[in-house]
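Accompanying notes for the structure given below.
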Amino acid sequence: MTSDRRGVGQRGKREGLELLRTALDELRGASFVPYFPVMLGALAQGLTEAGHVAQALATIDEALAKCEMNEERWSGRCSNPHASPNPAH
């Protein structure tokens, strides 16, 4: 891989993280709850891969707080103990 291609890949990752952050900010404003902690987990993973470990840890803390607030449990993904199982997933 040439340095030019690596640069494009890194720029794409940064742009992807910014798009995800923007979308999550909009969802926060709309009080969107379903799957929000899972999306925060995806953001945390991207931040970690980009070397932003402190931001990733803060994002994980937010995801865990959301799970606790909504009585969900974290196991790599959140699951609501009060929700009925969905066999399609």
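With R₀ fixed at 30 Å, the C-beta to C-beta distance from A50 to N70 puts the FRET efficiency at about 0.60. 3J(HN,Hα) couplings calculated from phi for the stretch 42-50 with the Karplus curve 6.51 cos²θ - 1.76 cosθ + 1.60 (θ = phi - 60°) are, in sequence order, 5, 5, 4, 4, x, 5, 4, 4, 7 Hz; Gly and Pro show x.
Every number in this text was worked out from the coordinates using simple rules, so none of it is lab data. Quantities reported herein were computed from a predicted structural model and do not represent experimental measurements. Cβ: placed from backbone, ideal geometry, glycine included. Neighbour counts: every protein chain shown.
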